[in-house]
Amino acid sequence: MLELIALAGLLIAGLAVMAVVGVIFLAVKIALWVVLFPIKLLFKLLWLPFGLAIGALGLVAGLGILPILLIVGFAIATIAAIAALLALLVPAIPFILLGLMIWTFVRKRPAAA
């Protein structure tokens, strides 16, 4: 029983040490963030025109390729619709043929004149 109490004490001491280390790292992180934030902000502001230019080029390229993508998408959707229709009809073929066979046997033939 004393061993478990000693183990619990070691566990609590380890957690306390890790908490102190975590607070130290938090303080260092806050200090670095406060010091480096203006530099980070400056770089972001300097990158803004380049980012806007690259975004505008991407927009123009996207508008240029949009008709091709729409045509290909419509073709794929049409092919998928046909495939779905065939997937629904193909399993029914034996039943349709069976129905046609029964119909040929039970239909009334025209009377000879």
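A short reminder: the numbers here are calculations on the coordinates, not readings from a lab. Model, not experiment: these values are computed from the prediction. Heads up, the Cβs are rebuilt from the backbone with ideal geometry, glycines too, and the neighbour counts pull from every protein chain shown.
Scaled against the 2.2 N^0.38 Å expected of a compact globular protein of N residues, the Cα radius of gyration of the chain reads 2.87.
3J(HN,Hα) along the stretch 53-65: 5, 5, x, 5, 5, x, 5, 5, 5, x, 5, x, 8 Hz, from the Karplus curve 6.51 cos²θ - 1.76 cosθ + 1.60 with θ = phi - 60°, whole Hz, x for Gly and Pro.
Placing a pseudo-label 7 Å from each Cα along the Cα-to-Cβ vector at Val90 and Ala6 gives an inter-label distance of 7.4 nm.
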